[in-house]
Amino acid sequence: MSNPLDPGEKRTVLVVDDTPDNLSLMSSLLRTEYRVKLAPSGERALKIASAEGKPDLILLDIMMPDMDGYEVLRRLRADRNTADIPVIFLTAMSATEDEKIGLDMGAVDYITKPISPATVMARVRNHIELKLARDFLQNQSRYLEQEVQKRTREIVAIQDITVRAIALLAETRDNETGNHLRRTQKYVKALAIHLQYHPRFASELSNEAIESLYKSAPLHDIGKVGIPDRILLKPGKLDDAEYEIMKTHTTLGHAALVHAEEEEGHEMPFLRYAKEITLCHQEKWDGTGYPMGLHGDAIPISARLMALADVYDALISKRVYKPSLTHEEASTIIYRGRGSHFDPDIVDAFAAIESQFRSIAIDFADDDGEAASEVFRMAIDLTNRHPVGSVS
């Protein structure tokens, strides 16, 4: 980045005065050190100031016909393109009250005529250097802000890719789930948006929270990685003992996320909903769910949303131990679970947006092998972002 205070680069001063002799005098004085632009009226000054190559500083007379210096300054400050140009009043109005008015309006300095050339040059130089220093700091600030935004976007992207890759790796162990991850996260988001202004949910379902819910939803079943193949891939209904083992996927997934935070040494906000959903998405409104038997509002909202989304998707999906149900059949079961399996208000939200659920199910119908191929794409993406041996 070049140094804007480089003394080898001439800066531009605009002199505004309705008297030709004064313009000639100021031009002769300033042109040895600056590029000088001249304006014989306030209207002309405004055009020059707003054009490309705007001046670094303006020397402005007050007493001019048609538009006085005060009005010129007011218009300069009102225009975002010229508001930051420093203005020095150069005037025969020498009363203290006149100077106060000028400075109060936003002039950076006030010089009275007849001028002292040394004083004018010193003040012009000082104010140009101050402006250049301020511009330099603003440019640095903008650059740093852009870098922070860029790094933040990269971190968020890496988080999103990592979350999805981990979730997909868990799903590839269950070869019948297909696009289950995509569908359930979209169901959750649709429900959350519908409930965003509901009195019971408004305080928790901000736009940021909904986005985090959407990103966290795919992790709900990561604990299945810890379930033995003989149970997870069993081509039939589980017996009681096997079902008890399957139920541990909630605590296994939650424990993995908690352990990751402990390794980092602090809680990670972006994992909050992932932990809630992973542990509690099998809890039921009436307290008969697992792993803790939570009841009603004791179940996190994130998990209550996922509970309905997960059950609906399981119902409409074909499994080796059951056929797929139609949307109407699945909806009937959801309604039947209102107040027992599911939060009543969430079921009501489902009823209001049934058509969205149907559309999501159609748009993201299962495609054999897609989950595995997406894991591969995620892995390639992560490798491209952070090659082996790179500094993260």
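The values are calculated or read from the model by the stated rules, or taken from the named source; none is laboratory data. Given the structure is predicted, the values throughout are model-derived calculations rather than measurements. We place every Cβ from the backbone using ideal geometry, glycine too, and count neighbours over all the protein chains shown. Heavy atoms of the whole protein, side chains included, go into the accessibility calculation; ligands, DNA and RNA do not. Shrake-Rupley method; radii C 1.70, N 1.55, O 1.52, S 1.80 Å.
How about the stretch 101-118: which of its residues are part of a helix (DSSP H, G or I), closer than 16 Å to Val15 by Cβ and aliphatic (A, V, I, L, M)?
Filtering the stretch 101-118 down to residues part of a helix (DSSP H, G or I) leaves 101-105, 117-118.
Add one more test, that the residue is closer than 16 Å to Val15 by Cβ, and what stays is 117.
Matches in the stretch 101-118: none.
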Just for the stretch 249-286: of the residues that are open to solvent by 50 Å² or more (accessible area, probe 1.4 Å) and in a loop (DSSP other than H, G, I, E, B), which one is modelled with the lowest pLDDT? His266
How many residues does the stretch 33-47 hold that are open to solvent by less than 20 Å² (accessible area, probe 1.4 Å) and in a helix (DSSP H, G or I)? 2
Counting only residues that are over 38 Å from the mean Cα position of the chain (by Cα) and of a type in the set (A, V, I, L, M), which one in the stretch 109-146 is farthest from Thr32 (Cα to Cα)? Ile111
Quick test of your reading of the structure: Glu129 fulfils all but one of (1) touching a Pro at 6+ places or on another chain (Cβ under 9 Å); (2) open to solvent by 90 Å² or more (accessible area, probe 1.4 Å). Name the failing condition by number. (1)
Looking for something modelled with pLDDT under 85 and open to solvent by 50 Å² or more (accessible area, probe 1.4 Å) - is there at least one such residue anywhere in the stretch 189-203? no
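Please go through the stretch 225-248 and give me each residue that is exposed (fewer than 13 other Cβ atoms within 10 Å of the Cβ) and either basic (Lys, Arg) or not in a helix (DSSP H, G or I) (or both), ordered by number. Walk me through it before giving the result.
From the stretch 225-248, those exposed (fewer than 13 other Cβ atoms within 10 Å of the Cβ) are 228-230, 235-237, 239-241, 243-244; that's our starting set.
The answer is Pro228, Arg230, Pro235, Gly236, Lys237, Asp239.
Which of the residues that make up the stretch 67-84 are open to solvent by less than 10 Å² (accessible area, probe 1.4 Å) and without any contact (Cβ under 8 Å) to a residue 40 or more places away in the chain?
To start, the set of residues in the stretch 67-84 that are open to solvent by less than 10 Å² (accessible area, probe 1.4 Å) comprises 69, 72-73, 76, 82.
Passing the criteria: Leu73, Leu76, Thr82.
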Could you please let me know if Gly289 is open to solvent by less than 40 Å² (accessible area, probe 1.4 Å), of a type outside the set (S, T, N, Q) and on the phi > 0 side of the Ramachandran plot? no
Inspect the stretch 149-169 for any residue being at pLDDT below 85 and farther than 30 Å from Pro218 by Cβ and give the result as yes or no. no
Would you be able to say whether some residue in the stretch 82-100 is more than 21 Å from Asp17 (Cβ to Cβ) and in a loop (DSSP other than H, G, I, E, B)? yes
